[in-house]
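To keep things clear, I will list the structure first and then write my remarks on it.
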Amino acid sequence: MILPYLYSIVDLKPGDHIGCLYDVEEQLWMLVIPFLKRGLETKEKVIYIAEPKFIDIFIKFTQYIDFNIVDYIQSGQLVFLNYEQTYLQRSTFNTERM
C-alpha cells in the first residue's frame, strides 16, 4: 500500500489554506503559530481569519512565547479578520467571492 503524500508547512503556497483539528487549544497554537511565523519571517502578508475570541486569545498567547507580533500588526503585514468580515460578509458563504 502506498500512503498519500503528507504536506508540510514548507509545501504551502500563496492561496493555500490550513485547516486544523485539535482537542485542546494549546494544540491549535502549536499548529497555527509556526505557520504564521514562517510567513511573517519571509516578509509575506499574513491574514488570520478566525472567530473573534480566538483572535484575542492568539494575541495574548504570543505574549508568553518568543514571538512579538505587535510590529507585524502595526505595519499591516499581519491582519486579523473574523468570519463576518470575510466569508460571511454578506451573511452567506460564496466560494467565488472568497
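The values are calculated or read from the model by the stated rules, or taken from the named source; none is laboratory data. Being a predicted model, the structure only gives us computed values, none of them experimental. Don't worry about glycine lacking a Cβ; one is built from the backbone with ideal geometry, like all the others, and counts go over all protein chains shown.
Among helices (runs of 4 or more DSSP H) entirely within segment 23-98, having at least 3 residues that are modelled with pLDDT of 80 or more, among the acidic types (Asp, Glu) and under 23 Å from residue 11 (Cβ atoms) singles out no element at all. Could you please let me know if residue 69 is touching a helix residue (DSSP H, G or I) at 6+ places or on another chain (Cβ under 9 Å), at negative phi and exposed (fewer than 12 other Cβ atoms within 10 Å of the Cβ)? For residue 69, the condition - touching a helix residue (DSSP H, G or I) at 6+ places or on another chain (Cβ under 9 Å), at negative phi and exposed (fewer than 12 other Cβ atoms within 10 Å of the Cβ) - is not met.
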